[in-house]
Amino acid sequence: MAELTPLDEKLGEVLGLAQAAQEATTKVAGMEGAEEFRARLDRMGMEAAETERRTDALVGSPTAARRRSARRPPRPRARPRR
């Protein structure tokens, strides 16, 4: 397994925090007395979902894939059959 770079670790943290923020805003919005904060909580949840989407796109981008593959050792090539 390839080692994670500090950037990979931070992107993982961002992704995890965005997911946790979505769960937390949903949970808090369902609590008693949260009606007066509903609009703000909804906006926070949407911002967290957008952050998750953007981070997923960044991690899945071709640049990120090249960076990950550059850290992997080359695969051994099969010899041609005769």
Spread of Cα-to-Cα distances over 10 Å intervals beginning at zero, given as percent, for region 1-41: 27, 31, 21, 15, 6
May I ask you to derive the FRET efficiency for GLU50 and GLU3 from their Cβ-Cβ distance with R0 = 25 Å, giving the value to the nearest 0.05? 0.25
Assigning unit charges at the beta carbon (Lys, Arg +1; Asp, Glu -1) and nothing else, what dipole magnitude in debye, to the nearest 20, does region 14-66 show about its Cα centre? 280
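Since every read-out is calculated from the coordinates, none of them should be taken as a lab result. The shown structure was predicted, so the numbers you read here are calculated from the model rather than taken from an experiment. Quick reminder, even Gly has a Cβ in these numbers, built from the backbone with ideal geometry, and neighbours come from all protein chains shown.
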